[in-house]
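The values are calculated or read from the model by the stated rules, or taken from the named source; none is laboratory data. Quick caveat: nothing in here was measured; it's all calculated off a predicted structure. So basically every Cβ, Gly included, is an ideal-geometry build from the backbone, and we count neighbours across all protein chains shown. Heavy atoms of the whole protein, side chains included, go into the accessibility calculation; ligands, DNA and RNA do not. Shrake-Rupley method; radii C 1.70, N 1.55, O 1.52, S 1.80 Å.
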Amino acid sequence: MSNGGLRQFSHRLHVATRGKGLYEITGEIASWLSGQSVRSGLLTAFVQHTSASLTIQENADPDVIADLNTFFSRLVPEDNRLYRHTVEGPDDMPAHIRAALTLTQLSIPIEQGRMALGTWQGIYLFEHRSSPHRRSVVLHLLGE
Amino acid sequence: MSNGGLRQFSHRLHVATRGKGLYEITGEIASWLSGQSVRSGLLTAFVQHTSASLTIQENADPDVIADLNTFFSRLVPEDNRLYRHTVEGPDDMPAHIRAALTLTQLSIPIEQGRMALGTWQGIYLFEHRSSPHRRSVVLHLLGE
Amino acid sequence: MSNGGLRQFSHRLHVATRGKGLYEITGEIASWLSGQSVRSGLLTAFVQHTSASLTIQENADPDVIADLNTFFSRLVPEDNRLYRHTVEGPDDMPAHIRAALTLTQLSIPIEQGRMALGTWQGIYLFEHRSSPHRRSVVLHLLGE
């Protein structure tokens, strides 16, 4: 497929969140990628938080990401009696658990200058806290 | 360990599934890898779907992967009253949730021309839909 | 960000565990990394087991990792009536499930010679068995 010429690129993405739920970042990543002139390679996204995470989900029906958020709220209840770590509010320890159940990092192959996502795949930042946050995602690209 | 000579390779793996459960793909990946003449590197597998995923599990006792599938069926019930996204059947939204709880992508170091898997580790495509599907897994290899 | 000069390095980390819970390995990884003279790149950690896993969590309040372990014990009960795979003890099948719900592999961008971790992020080996084990984590570094 290639020989030599591999280079690295990096970028910091900032995502403003407004409470628990999934925020699609496919477009922002694709936009940055399109400026790097890389035809094939590997793109890694890494979220620098322990109460937000990453996931790839269907981006066709918005009910899917609403149901996903609801499932995690039911699976990891906000109930201080269940946790010792309660000083940062009832949503903080559940946020850490939700993050541990999903992904801190995602790597996606690049083909013909684009992420090799399936037809319905979107990349989401998964916010697990109730109040607004500014989340930081490191993008690292290795390719040629 | 090395200097220079890094190259990239990619491949598409197709997996025919017959309902929920784990389908081992270690052999297919190893077979493709063995044709690339790469001694050390990093192999990434990326599944292009949101209702199938990847996992590494024990490949010694088949009861392990049966129990794993059963656990996920209990954890994420097929019950339309729990979900808004029901138009694609009672198994579709649970499939998305099961995928979010496992892995869309896996990267495995390559040493001496082979994946650095532990003794009992097998790589599985985890099918979350009830009916047969043809699943696509992108393999990306970076190495020398 | 760079052109050429990419090199690979690898290392094996051994972690002695003493029962279920999270064992921080951030320091060991950082220490090995600091000896490789790599300014930018991608570091991959891969655990060679199916009853231990990796996770990134808050390393400020030790109650967080205690609560995380407790949550997983409640989510995946040690109850032989739930599983077919029981020959290796009541904690073995739950260990496989806990591993499937977390991470076998983590990749972290390297910037200015250091892992691009967020302020409170620590890397943990998550032990899912009750008795002591010696766990093996493969580190792979690609960078320049």
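Points to keep in mind about this one:
- With label points defined 7 Å past Cα in the direction of Cβ, position B:ARG18 shows copy-to-copy spacings of 5.0, 5.0 nm, given to one decimal and shortest first.
- Dividing the convex hull volume of the alpha-carbon atoms in chain B by its residue count gives 108 Å³ per residue.
- Cβ charges +1 (Lys, Arg) and -1 (Asp, Glu), total dipole of the protein assembly as shown, debye: 760
- In a reduced charge model with +1 at each Lys and Arg Cβ and -1 at each Asp and Glu Cβ, region A:1-143 shows a dipole moment near 480 debye about its Cα centre.
- 3J(HN,Hα) from dihedral phi, region B:95-111, Karplus parametrisation 6.51/-1.76/1.60, rounded to Hz, x for glycine, proline: 4, 4, 5, 4, 5, 5, 7, 10, 10, 8, 9, 9, 10, 10, x, 9, 10
- As a calculated quantity, the FRET efficiency between B:ARG81 and B:SER37 at R0 = 51 Å, using C-beta atoms, amounts to about 0.40.
- Largest accessible area first, the listed residues C:HIS140, C:HIS133 line up as C:HIS133, C:HIS140 when surface is computed with a 1.4 Å probe on the assembled protein chains.
- For B:ALA30, label point 7 Å along C-beta direction: distances to other copies, nm: 3.8, 3.8
- For the protein assembly as shown, Kirkwood radius (reciprocal of mean inverse C-alpha pair distance, Å): 21.6
- For chain B, built as a Gaussian network whose Cα springs stay under 10 Å, the top-fluctuating residue of B:GLY19, B:GLY35, B:GLY27: B:GLY35
- Residues in region C:12-21 carry Karplus couplings, in order, of 10, 9, 10, 10, 8, 10, 10, x, 3, x Hz; the curve used is 6.51 cos²θ - 1.76 cosθ + 1.60 with θ = phi - 60°, and Gly or Pro positions show x.
- Simple Cβ-charge dipole of region A:49-127, Lys/Arg +1 and Asp/Glu -1, about Cα centre, in debye nearest 20: 260
- To the nearest ten degrees, helix B:62-75 and the longest principal axis of the Cα atoms of chain B are 50 degrees apart.
- The residues packed around A:ARG18, meaning those with a beta-carbon under 15 Å from its beta-carbon, carry a net charge of +1 if Lys and Arg are +1 and Asp and Glu are -1.
- Residues of chain C: accessible area per residue with a 1.4 Å probe, Å²: 36
- Within the listed set B:GLU111, B:GLU88, B:GLU58, the Gaussian network model of chain B (springs between alpha-carbon atoms below 10 Å) gives the highest mean-square fluctuation for B:GLU88.
- Surface calculation, 1.4 Å probe, protein heavy atoms: C:LYS20 sits at approximately 50 Å² accessible.
- Taking other residues whose beta carbon is less than 14 angstrom from the beta carbon of A:VAL137, and scoring Lys, Arg as +1 and Asp, Glu as -1, yields -1.
- In nanometres and ascending order, the distances from the B:ARG134 label point to those of the other copies are 4.9, 4.9 (point 7 Å from Cα along Cα→Cβ).
- Total accessible area lost when C and A pair, probe 1.4 Å, Å² to nearest 100: 2900
- GNM result for chain C, Cα springs below 10 Å: residue of C:THR86, C:THR70, C:THR119 fluctuating most strongly: C:THR119
- Among the residues of region B:22-48, those with an accessible-area drop of 50 Å² or more from chain alone to full protein complex, heavy atoms and 1.4 Å probe, are B:LEU42, B:PHE46, B:GLN48.
- Solvent-accessible area, 1.4 Å probe, carbon plus sulfur percent, for region C:31-83: 46
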